[in-house]
Every structure is written in C-alpha cells, then in structure tokens.
Amino acid sequence: MSKHYSALALARHALDPDMPWPKAWESPEPKSSYDVVIVGGGGHGLATAYYLAKNHGITNVAVIERSYIGSGNVGRNTTLIRSNYMIGGNTAFFEHSLKLWEGLSHELNFNCMVSQRGQIVLAISPVQMDVFARRGNIMRLNGIDAELLDAGEVRKLLPYLDWSKDARWPILGAIMQPRAGTVRHDAVAWGYARAASALGVHIIENCEVTGFLINDGLVSGVETSRGRINAGKVGIAVAGHTSHVAKMAGLRLPVESHILQAFVTEPVKPIVDHVVSWGAELFYLSQSDKGGLVFGGHIDGFNTYTQRGQFNRIQTVAECAVSLMPFISRLRLLRHWGGIQDMTPDGSPFICKTDVRNLYLNGGWCYQGFKATPASGWTFSHTIAHDREHDLVRDFSLDRFGKGRELDEFGLGNWTYKQ
Amino acid sequence: MMIPCPHCGDRDVSEFRYGGDATKQRPKHGTGDLRTWHDHVFVFENPKGPHTEYWQHVLGCRRWFKLARNTATNEIGGVVS
C-alpha cells in the first residue's frame, strides 16, 4: 500500500494488481469533543481544516458534512480560476488564491489538473476597452498579469469566433489574464480531504448539524444527527445554505440563496484553448479534457434552494453561446445542473467573526466560491486560530454594509430583480 | 415554473419579474435608527420553505401581486391577497 502518490507507487500498483490503494481519507467515528469543528465538508471547509493543521498546528479538528465529500458546490461549479479583480479588498485575496492554486498539486500530493490556459474577456464596445484598460492597469500595479489585446491579436488566438461583418456583437479587443485557467474540481475536494486526513483531521460524512450549543453568547459545540459534539471553536462554511445554518445560531445575514446553472455540451475535438468570457452578457466558456464545452451565465433571479434551474435561463445561455460562436449551434447540451449559492448585496463574500464568540463565518461567495477555495481556507483558518481576521480578508466583514464599505466589484449582487 | 397571474392565469416564469420578500415592512418615515434601515435594506430572511414574495407580470398585463412559493421545492401556493 502506497500512501504517497508518485510515479513509482503507480508502477508498483500496476505490477501487483492485487495490492489495493489505501482509502484516500479515513472515516472515523466522531469524538465527543474537538478543538475546532468546521460545519460543511465542501472545498472551503476542507481547505480550512487542512490549513488549520498545516499552518497553525491545530489537528484536533472535525469537518462535519451533511452528505458525502464532493456532493455540493465544489463539484457543481464551472472550474474556473482567475484573479482579475481591481477593488482593494479583492485584489490581493484572489491573487493569493491563484498563487496557491499554482502549487496546489504538489502541496497536496494530488493531481488537481491545474491548467493555466488563460482567460480572455472580450470587449464589444470602445467603452468596454477603456474599462478593461483601467482594470488591467490596476491589476499590473498589484503585480497581477494582465494584457490588453486589440481585435487582430484576439483573432489570432480565437479565430473561431464570429468575425464576419454581420456579427451581432463585433469584437473590438479583449483583456487577457494568461495565468487564469481551470482546475479539476473533484480533485480539489478529494485532495484537501486526503491531505487533511493525513494530518489527523476527522472527516465525518453523512452527519447533519442540527443546532449550535450557545451559552451567554459563547458557542461550545454543535448538535448533529449523530449526537452532540463539543468544540472550542466552530466555523461555518456552507455557502448556499449559510442563512439556513446561521439561523440556528441566531444570526440574520445579508444573504439570499440563488440558483446558478451550468452546462456541458456533447464532446467535440479540441477547439477552445482558453477560458473565453463575453462582454455582451455574463457568459463564459471553456472546453473540458473530455471535449465537452462547459459554460455558464447569470443566476435565475429569484431566491430558491432547489437545485433545478428554469428553462428560460437555459435558453438565454444557449443564445449567448451561439451568438458568440455560431459554429456550435448544432451541438447538443449533454448535461446541465444547478448549484445553490449565497448571493450578497455587493457580490462579495464574508470571512469573519460573528456576534457569537468563537463562532466564525465563511460564506456569501456569490459567483466566485470555487476560485477562492485555497485562499478562503488559508485566511479562514487564520481567523479561527488567532480569533482575529486575516489581513487579506479585513474587508470581507459582516458590518461593511452598515459602514458604507461595500465591495461592489462587478455589480453582481442579489439585486437582479431590482435593476 | 408556471406562475398564476391573477389577471392572465398560468404563464411561464420568463414573462415575470421577481420583486423580493413581500413580508418586509418598510420602517416608518422619519425613523432615524440606522440599524433598522440597514436591516431593512440588506438583511434577508431567506427561508428554506414557505415564502411570500412579489412578482410582476412584466411581459404581460404588468400587474404586481403577492405569491406564496416554497423555496425548497418551488411549489406554488397561489396568489396571496
């Protein structure tokens, strides 16, 4: 049995087919007490547990997951990573995340298939080119890679777009982040789970948190479907269901749950080499290693917890796809699915302390949860370990709306129905 | 999802615009308490279950109405008067 994954281990197992690979992570019975309990075994919860053990030496940790590892949003996103942000509170955080992505496969000894294929955001108006130039300048001043491309340069990279004179949305140029790309999302959940487990973290699946033990404003544990678990500190990382879980602790939050749909077409030969985003609508696309074109768009636009999207959104996204790339009009959609995400009024997340002592909140990820996974775990574990917000997440606070410090990066809050 | 417009009957959701929680009470005019206004504007009940909400038949008769819907299932409970 090889605990460490390597070419040598692969060869050894190939030569001896009877030798089983060890389970990637242990499935222990929950203990009655832990130093830290993380509610939610998604990417963020698992990354938090891993960095608590790795960076802060806190290994008496349990991650409590209602279903199985990989069942939630970590496996429901469109796998993009990027750091093309320009508002102060976001820039450094997402760049830190991208840097962690770049070394993640080695860090976790698990191939996360990090593919820095570059993201190209297309401009369809001169104003958009100006906005992209500003964004690119701010990114470069922060040490983040960004390149402004004119139409000729874009055409060389993406010859398959509609460059005809009749194009509904003529393309004037683009901004590109060469280090952006995609990651195999299941591997992120499995890799963090395996690495955290190896450091002594208990990963407890099929165990639902049903309440919090709170006395005099101090949390001391959680009630679960498998009994009471005491904890010195508790972190909530259940984005999509943050309101629902936080309500058990008496918290009311600036969060609405919305559904975001994603789509995969039938597989075709390699054609789309980058992540391509469109300036005319919120629409983006990449090609998976299996050949399917993966794309997504806006939220459906009303709060819901059903993971089942509405047909009119499928239609809109398909129209975007065909308008941008007419040649895919005859491709069929193979699968589409929905994930429930926390939408906040400014489209930015929370990583912070709460009004309940020793209870910490990680949520409100809107469209950007997956790409934030490593930095979210990194900073949330710091916040829990030191009982003080990490410098990178100072602006991700719950009270920012009351103070007029919204982080309105893309104007993508839960307000679609109020615009 | 089909939505029962009180004027036009069952129509596809794509004809409607969502208007948010219909049970929120706007604080009284002149309320100076910023906390109250903050909660009114920024905090959402966001229940997983029954929800009473505003919809407008924006691509039809343009009428606003209140609808009961279950956010856990999208089951429509009907128009609320």
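The values are calculated or read from the model by the stated rules, or taken from the named source; none is laboratory data. These numbers were taken from a predicted model, which means no experiment stands behind them. Methodologically, a virtual Cβ is constructed for each residue, glycine included, from the backbone with ideal geometry; neighbour enumeration extends over all protein chains shown. The area values use the complete protein model at the heavy-atom level, side chains included, leaving out ligands, DNA and RNA. Shrake-Rupley method; radii C 1.70, N 1.55, O 1.52, S 1.80 Å.
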Q) Is there a residue in the stretch A:386-394 that is over 16 Å from the mean Cα position of the chain (by Cα), among the charged types (D, E, K, R), open to solvent by 50 Å² or more (accessible area, probe 1.4 Å) and within 12 Å of chain B (Cβ to nearest Cβ)? A) no
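Which residues, taken from the stretch A:1-55, are part of a helix (DSSP H, G or I) and surrounded by fewer than 14 Cβ atoms within 10 Å (Cβ to Cβ)?
The initial filter retains those residues of the stretch A:1-55 that are part of a helix (DSSP H, G or I), namely A:7-15, A:43-55.
If the condition is that a residue be part of a helix (DSSP H, G or I) and surrounded by fewer than 14 Cβ atoms within 10 Å (Cβ to Cβ), then A:Ala7, A:Leu8, A:Leu10, A:Ala11, A:Arg12, A:Ala14, A:Leu15, A:Asn55 are the ones that fit.
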Q: Within the stretch A:274-311, track down each residue that is within 21 Å of A:Leu324 (Cβ to Cβ), not in a strand (DSSP E or B) and not acidic (Asp, Glu).
A: A:His274, A:Gly279, A:Ala280, A:Leu282, A:Ser288, A:Gly291, A:Gly292, A:Gly309, A:Phe311
Q. Which residue pairs have Cβ atoms under 6 Å apart, sit 6 or more places apart or on different chains, and have a first residue in the stretch A:312-338 that is more than 14 Å from every other protein chain (Cβ to nearest Cβ) and on the phi < 0 side of the Ramachandran plot and a second that is polar (S, T, N, Q) and part of a loop (DSSP other than H, G, I, E, B)?
A. A:Val322/A:Ser329
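Here's the yes/no breakdown for (1) more than 17 Å from the chain's Cα centre (by Cα); (2) at positive phi:
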residue: A:Pro17; (1), (2): yes, no
residue: A:Pro28; (1), (2): yes, no
residue: A:Ser32; (1), (2): yes, no
residue: A:Gly43; (1), (2): no, no
residue: A:Leu46; (1), (2): no, no
residue: A:Gly57; (1), (2): yes, yes
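Restricting to the stretch A:369-379, and then to whatever is open to solvent by 10 Å² or more (accessible area, probe 1.4 Å) and under 9 Å from the mean Cα position of the chain (by Cα), can you tell me which residue is nearest to A:Ala189 (Cα to Cα)?
From the stretch A:369-379, those open to solvent by 10 Å² or more (accessible area, probe 1.4 Å) are A:369-371, A:378; that's our starting set.
Subset that is under 9 Å from the mean Cα position of the chain (by Cα): A:369-371.
Details: A:Gly369: 13, A:Phe370: 11, A:Lys371: 13 Å.
Looking at the filtered set, the residue picked out is A:Phe370.
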**Q.** Within the stretch A:285-295, considering residues that are of a type outside the set (Lys, Arg) and surrounded by fewer than 22 Cβ atoms within 10 Å (Cβ to Cβ), the one farthest from the other protein chains (Cβ to nearest Cβ)
**A.** A:Asp289
**Q.** Residue ranges of strands (runs of 3 or more DSSP E) in the stretch A:159-273 with at least 2 members within 23 Å of the chain's Cα centre (by Cα)
**A.** A:173-177, A:202-204, A:227-237, A:256-265
Q. When you look at A:Lys99, is it assigned to a helix (DSSP H, G or I), open to solvent by 60 Å² or more (accessible area, probe 1.4 Å), basic (Lys, Arg) and closer than 21 Å to A:Gly43 by Cα, yes or no?
A. yes
**Q.** Of the criteria (1) within 29 Å of A:Thr48 (Cα to Cα); (2) open to solvent by less than 60 Å² (accessible area, probe 1.4 Å), which one A:Ala133 fails
**A.** (1)
Q. What single numbered condition from (1) exposed (fewer than 13 other Cβ atoms within 10 Å of the Cβ); (2) within 11 Å of chain A (Cβ to nearest Cβ) fails to hold for B:Gly9?
A. (2)
Q: Check the stretch A:349-369 and report whether any residue there is within 22 Å of A:Lys247 (Cβ to Cβ), assigned to a helix (DSSP H, G or I), away from chain B (no Cβ under 13 Å) and not basic (Lys, Arg).
A: yes
Q. Which is touching a strand residue (DSSP E or B) at 6+ places or on another chain (Cβ under 7 Å) and in a helix (DSSP H, G or I), of A:Arg155, A:Arg135?
A. A:Arg135
Q: Taking B:Arg35 as meeting all but one of (1) open to solvent by 20 Å² or more (accessible area, probe 1.4 Å); (2) over 25 Å from A:Leu251 (Cβ atoms); (3) of a type outside the set (Gly, Ala, Ser); (4) within 11 Å of another protein chain (Cβ to nearest Cβ), write down the number of the exception.
A: (2)
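Working carefully through the options A:Gln310, A:Gln341, find the one that is polar (S, T, N, Q), open to solvent by 10 Å² or more (accessible area, probe 1.4 Å), under 30 Å from B:Val41 (Cβ atoms) and under 19 Å from the mean Cα position of the chain (by Cα). I'd like the intermediate steps shown before the answer.
On the way: A:Gln310 fails: under 19 Å from the mean Cα position of the chain (by Cα).
The match here is A:Gln341.
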Q: Kindly indicate whether any position in the stretch B:22-45 is of a type in the set (S, T, N, Q) and under 14 Å from A:Thr304 (Cβ atoms).
A: no
Q | Residues satisfying the stated conditions in the stretch B:52-70, i.e. within 14 Å of chain A (Cβ to nearest Cβ), open to solvent by less than 60 Å² (accessible area, probe 1.4 Å) and within 13 Å of B:Ala22 (Cβ to Cβ) | A | B:Thr52, B:Glu53, B:Trp55, B:Gln56, B:Leu67, B:Ala68, B:Arg69
Q: From (1) within 19 Å of A:Tyr34 (Cα to Cα); (2) surrounded by 21 or more Cβ atoms within 10 Å (Cβ to Cβ), pick out the condition that doesn't hold for A:Arg226.
A: (2)
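Return the residue satisfying two criteria in turn: it lies in the stretch A:229-254 and is in contact with a Pro (Cβ under 9 Å, 6 or more places away or on another chain) and within 27 Å of A:Tyr34 (Cβ to Cβ), and of such residues it is farthest from the other protein chains (Cβ to nearest Cβ).
Pass one, the stretch A:229-254, residues in contact with a Pro (Cβ under 9 Å, 6 or more places away or on another chain): A:229, A:239, A:243-244, A:247, A:254.
So of that shortlist, the ones also within 27 Å of A:Tyr34 (Cβ to Cβ) come out as A:229, A:239, A:243-244, A:247.
Values: A:Ile229: 23, A:Ala239: 13, A:Ser243: 4, A:His244: 5, A:Lys247: 8 Å.
Here the residue is A:Ile229.
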